[in-house]
Amino acid sequence: MAGRTALAAVLVLVGVMVAPVAAGADPIREPLTTSGAPDAVAAAVAAAVRLGRTTDELLRVERDLGEMSTRETGLSAEIVRLDEQISRGRVAADTLRQRLGSRVAQVYAQGGSGPLAPLQVDSPFDLQPGTRYAAAANAVDNRLLDQLVRVRAALEEDRARKVEARDEVARARQALVESRLRLDALRVEAQMLVDQWGGVSVMGRSQLSAAEIAAFFASTGVRPRLPDGLTVAGLARLFVEEGDLAGVRGDIAFAQSLIETGSFTEFHGYNFSGIGVCDSCTGGYLFDAARDGVRAQMQLLRSYADPDSRAAGFTVPLSPVLYGSDPVESARRFDTFFLKGKAPVWNAMGNGRWATDPLYAGKVLGMYARMLAHADAERLERR
């Protein structure tokens, strides 16, 4: 919780960054007048943006690293399988060669007795059928031997290719490991700067798991009014999952939703964050499912937080309710959001950024502080 004592000071500073939006303004379209930001706010904002981008890149590297590790493991298993096949083929070829040599010795053995002679040879004329038999049998076995040799050669070539591919994947994986270490160091440095200025970044990873979020809610004793089939535990998972997809801290977004919905007792159409609701109206955007509402919330938070966020950067579609169903128009609306990048830290929310309430950020962060405290207490009890 480093830097939490500085939140109030930063909130005062951030409050002069942007003029408030008039009540009833469309959160997607309405323009906004801006003014210069104090140095402390500028530093907190820059650190938060850097933290978010570094976290995004770190998540991508970790996904790639997982894929590389899986590929390397698979290639190693393939090489082991090929080694076994090559070994079995070598044994079969050696056995066949021994049989060929033994047959020749048996046919031409003199005297017709002994363990090496299955044929009774009493005269040179009797030897001719044996010779023909040996020649025919040897021709068949020689073809089989040639086939075994060709198959083994192909397996060895395949093995060589697999070894080369595995080595290349291993080199790529090592490069990703080094990138992860570098990015993690940059992330820690950026987090320290954010903490130094008392900021709480909008972008990044959830510090709380879905289970910890649900456990906190259960501790409040509030009875939510959720649609049939939807639970707080399920909602918590959605917030963490969709937060990761958008590069937004889903645990703090959950705290935001607790403030916006009265702990999920007052909301409509799976709108858990008051999107489109204004001081002079009771409307707001309506979504078809819980995930849709949470996804819209995360995408809008990313737009507030990241000045360089673009629709093309998402791996999932933009919310059709919030941005429209036409892909080109929805991308344009997201990319040209009039408040893009105006709130990289939660401290900057309020005063026209998401809500007109000047104390909005403090309420959200205060709720999140309770969530963190509960999780910390639970962890201590488990020790």
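We did not get these values from a lab; they are worked out from the coordinates using the rules stated. Note that the coordinates shown come from a computational prediction; the quantities given were computed from them, not determined experimentally. Cβ placement follows ideal geometry from the backbone for every residue including glycine, while neighbour counts extend to all protein chains displayed.
What the table below lists for this structure:
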item: Sites ALA211 and ALA154 - FRET efficiency at Förster radius 51 Å, r taken between beta-carbons, to 0.05; result: 0.50
item: Sorted peptide list for 316-326, 145-155, criterion being average Cβ within 10 angstrom, highest first; result: 316-326, 145-155
item: Interchain or long-range residues, amide H under 5 Å from VAL248's placed H; result: GLY204
item: Dipole in debye (nearest 20) - the range 142-264, about Cα centre, beta carbon charges: Lys, Arg +1; Asp, Glu -1; result: 420 debye
item: Cα-based equivalent ellipsoid of the range 201-382: semi-axis lengths in Å, sorted from largest, via gyration tensor; result: 25, 18, 17
item: Set of aspartates and glutamates with alpha-carbon distance to LYS363 below 15 Å, sequence-local pairs under 8 removed; result: ASP251, GLU260
